[in-house]
Amino acid sequence: MQTPKKIAIVGSGLVGSLLAIYLRKAGHTVHIYDRSPDIRQIQFSGRSINLAMSNRGWKALDAVGVGDDVRTIAIPMDKRAIHLVDKLNFQNYGQEGESIYSISRGSLNRKMIDLAENAGAEFFFEHKIWDVTLDDATLHIGETERGAWEDKKYDMVFGADGAFSRIRHRMQRQNMFNYSQEFLNMGYKELNIPANADASHKLDKNSFHIWPRGEYMLIALPNLDGSFTCTLFMPFEGENSFAFLTDRKLVEEFFEKNLPDTIDVIPKLAEDFFKNPTSTLVTMKCFPWTYHDKVALIGDACHAIVPFYGQGMNAGFEDISVLYEMIEKYGDDWKTIFSEYEKSRKPNADAIAELSYRNFMEMSSKTADEKFLLQKKIEKSFSDKYPEKWIPLYSRVTFSDRPYAEALAIGDYQNAIMEEVVRMENIESIWDSKEVENKILSLLE
């Protein structure tokens with residue numbers, strides 16, 4: 001299909017490993033460099049938000065024949081379990097049988113590296129890439145940034161080295177390269193709900209658990225061993241913030257008051273709280289993503305987003321699906337492949353960045369709001385009756401592979417309609433009526 005090339009990928013994370021499998025399939029020699037040790041040899045914990053695999057991710061895995069390998073470590077979640085202070089609400093995600101899948105980041109990364117090695121890719125761990133010469137795809141490797149470097153020349157280099165990419169860092173220092181990064185004034189910390197003595201789950205295992213509290217929230221996703229990985233999102237400063245929770249007593253009092261149903265299930269609360277780091281959340285945008293036919297960025301290296309739509313990995317995997325479509329279409333014309341890849345992906349990367357940011361608002365505040373829950377019920381009931389006229393935004397993003405930019409535009413249009421519907425007189429009692437149905441139909445005309 002293509003003339004074989006010698007290609008380097010910088011970054012052995014999820015996107016780098018999957019990209020390696022695709023490039024091997026196209027017949028290339030693939031070397032993957034990572035500054036960290038081999039994750040398969042070390043214990044990994046303390047800063048992972050569990051991943052939520054959805055349709056886009058599965059599509060990319062299945063197309064290269066590794067989806068079933070990954071399904072063995074995935075747990076389906078078909079609903080949100082919304083823990084209010086005094087009650088528990090369930091909210092289904094999609095149609096019957098539609099789920100997102102909880103996967104531990106460490107487990108998936110280990111599996112992807114194994115699969116890439118099986119496909120014939122070669123990994124070089126604890127190799128620090130400090131720079132790349134863009135014109136001839138030469139990597140510069142060394143122990144330190146100031147010490148002696150070894151040069152490794154390739155036909156092509158992919159930067160899959162995350163939000164703080166060294167490869168992008170080099171690309172940023174050329175003319176006409178646009179770049180922005182924006183940190184949220186909130187961070188996150190990992191906590192843990194261990195399994196019961198018989199290895200069963202302490203909470204409903206097929207739910208995405210969420211404790212919405214306005215400016216902060218807690219989420220919990222199930223693991224295969226019966227535990228849950230929890231993530232506490234809260235501001236760095238202010239009254240309910242990381243800055244405020246400075247000692248064991250304050251942490252325990254805070255949880256007892258605000259998250260009372262977690263006290264019994266998180267036995268090592270204070271210990272985990274002070275042991276695990278507080279991590280930052282950043283949205284990063286840039287353009288262009290490629291340099292001639294020599295260097296390309298992929299995944300978080302060109303579009304890091306906040307994790308509130310569970311689409312970071314899915315979007316990175318979709319980059320690979322699109323890149324591969326271009327490879328099949330344009331053969332050896334890598335210049336066109338790169339240019340069409342970035343043109344196709346950039347508007348969609350911007351759209352999912354916007355959607356992820358907005359979804360934080362939805363998860364942390366709106367899921368606790370009766371009006372919002374009613375709006376979701378009306379939408380679900382209408383889309384069940386008229387699936388060809390109304391696919392909810394969440395389903396467009398999560399259970400389809402239509403472009404993110406399209407989902408954003410249609411979602412805005414639908415939201416305007418719903419805002420009008422929930423303003424109807426007595427909407428609480430007539431929400432499931434013909435009258436409401438006709439109103440939506442007329443607004444859709």
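The values are calculated or read from the model by the stated rules, or taken from the named source; none is laboratory data. Note that this is a predicted model, so its numbers are computed, not measured. Cβ coordinates were reconstructed from backbone atoms using ideal geometry, including for glycine residues, and neighbour counts include every protein chain displayed.
Condition first: assigned to a loop (DSSP other than H, G, I, E, B), in contact with a Ser or Thr (Cβ under 7 Å, 6 or more places away or on another chain), of a type in the set (Gly, Ala, Ser) and closer than 24 Å to Gln91 by Cβ. Can you find one or more residues in segment 208-223 that meet it? The answer is yes; a qualifying residue exists. The strands (runs of 3 or more DSSP E) falling completely within segment 136-186 that include 1 or more residues that are among the hydrophobic types (A, V, I, L, M, F, W, C) map to 138-141, 156-159.
Considering the conditions (1) at pLDDT below 95; (2) assigned by TED's automatic domain parsing to the domain that holds His303, Gly162 is excluded by exactly one of them, (1). Do we have Gly214 as among the small types (Gly, Ala, Ser), under 18 Å from Val85 (Cβ atoms) and in the same structural domain as Asp272 (by TED's automatic domain parsing) here? Judged against the criteria, Gly214 is a match. Just one of the numbered conditions (1) part of a helix (DSSP H, G or I); (2) more than 21 Å from the chain's Cα centre (by Cα); (3) of a type in the set (Phe, Trp, Tyr); (4) surrounded by 17 or more Cβ atoms within 10 Å (Cβ to Cβ) is not true of Trp390: (1). Just so you know, in segment 100-121 the residues that are assigned to a loop (DSSP other than H, G, I, E, B) and not aliphatic (A, V, I, L, M) include one that is farthest from Asn314 (Cα to Cα), and it is Gly120. Taking Ile39 as the residue in question, decide whether it is over 19 Å from the mean Cα position of the chain (by Cα), under 16 Å from Ile298 (Cβ atoms) and crowded, with 16+ Cβ neighbours inside 10 Å. In short, no. If the condition is being under 29 Å from Asn192 (Cβ atoms) and of a type in the set (Lys, Arg), then segment 269-327 contributes only Lys275.
Considering segment 252-264 alone, what residues qualify as being crowded, with 17+ Cβ neighbours inside 10 Å and part of a loop (DSSP other than H, G, I, E, B)? If the condition is that a residue be crowded, with 17+ Cβ neighbours inside 10 Å and part of a loop (DSSP other than H, G, I, E, B), then Leu259 is the only one that fits. Residue count for segment 327-362 under the criterion of being crowded, with 17+ Cβ neighbours inside 10 Å, of a type in the set (Val, Ile, Thr) and either more than 16 Å from the chain's Cα centre (by Cα) or not in a helix (DSSP H, G or I) (or both): the result is 2.
Residue by residue, here is whether (1) surrounded by fewer than 22 Cβ atoms within 10 Å (Cβ to Cβ); (2) at pLDDT 95 or above holds:
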| site | (1), (2) |
| --- | --- |
| Ser180 | yes, yes |
| Leu184 | yes, no |
| Ala199 | yes, yes |
| Asp204 | yes, yes |
| Ala220 | no, yes |
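The residue that is surrounded by the most Cβ atoms within 10 Å (Cβ to Cβ), among those in segment 304-326 that are of a type in the set (Phe, Trp, Tyr) and under 8 Å from the mean Cα position of the chain (by Cα), is Tyr309. Of all the residues in segment 120-161, those that are of a type outside the set (A, V, I, L, M, F, W, C), in contact (Cβ under 8 Å) with a residue 60 or more places away in the chain, surrounded by fewer than 19 Cβ atoms within 10 Å (Cβ to Cβ) and out of contact with any Lys or Arg (no Cβ under 8 Å at 6 or more places or on another chain) number 1. Just to check your reading of the model, which residue among Asp131, Asp136 is in the same structural domain as Leu323 (by TED's automatic domain parsing), under 31 Å from the mean Cα position of the chain (by Cα) and of a type in the set (Asp, Glu)? The match here is Asp131. Selection of segment 291-303 for residues being under 22 Å from the mean Cα position of the chain (by Cα) and either outside the structural domain of Trp58 (by TED's automatic domain parsing) or not in a loop (DSSP other than H, G, I, E, B) (or both) yields Ala296, Leu297, Asp300, Ala301, Cys302, His303. Checking each residue in segment 167-224 for being more than 19 Å from the chain's Cα centre (by Cα) and among the β-branched types (Val, Ile, Thr) picks out Ile167, Ile193.
Residues in segment 83-106 that are without any contact (Cβ under 8 Å) to a residue 24 or more places away in the chain and of a type in the set (Asp, Glu): 2 in all. Taking first residues from segment 433-445 that are surrounded by 13 or more Cβ atoms within 10 Å (Cβ to Cβ) and partners that are among the acidic types (Asp, Glu), the Cβ contacts under 8 Å between residues at least 6 apart in sequence or on separate chains come to Lys439/Glu420; Leu443/Glu420. Criterion applied to Lys249, Lys268, Lys285 was being surrounded by fewer than 20 Cβ atoms within 10 Å (Cβ to Cβ) and at pLDDT below 95, and the one residue passing it is Lys268.
Identify all residues within segment 230-243 that are in contact with a helix residue (DSSP H, G or I) (Cβ under 9 Å, 6 or more places away or on another chain) and modelled with pLDDT of 95 or more; write none if there are none. Across segment 230-243, the qualifying residues are Cys230, Leu232, Phe233.
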